[in-house]
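Take a look at the structure below.
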Amino acid sequence: MFRLTAILYCFIAATLAGSGVIAVLSAGMTDVLPIVIAAAAGAALALPASYLVARKIGQ
């Protein structure tokens, strides 16, 4: 289960972090801090999301 979660985390984290960065840039915030915060938030939200997806796949 951990292996599947780790593999899914790679894809989900990149997707969520990229979406967050694009949302921040679309809002006109071009400073470094909002971009880093959006990317970190996407990576943090990917942890529970990848676990839940792995649990659904493993059932």
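The values are calculated or read from the model by the stated rules, or taken from the named source; none is laboratory data. Every value quoted in this text rests on a predicted model; they were computed, and no experiment measured them. Quick note on the areas: whole protein, heavy atoms, side chains included, nothing else; ligands and nucleic acids left out. Shrake-Rupley method; radii C 1.70, N 1.55, O 1.52, S 1.80 Å.
Figures for the structure shown
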quantity	calculated
Portion, in percent, of the accessible area of the chain that falls on carbon or sulfur, probe 1.4 Å	75
Rg/Rg_ref, the chain, where Rg_ref = 2.2 N^0.38 Å and atoms are Cα	1.27
Principal-axis tilt of helix 2-26 within the chain, Cα atoms, nearest 10 degrees	20
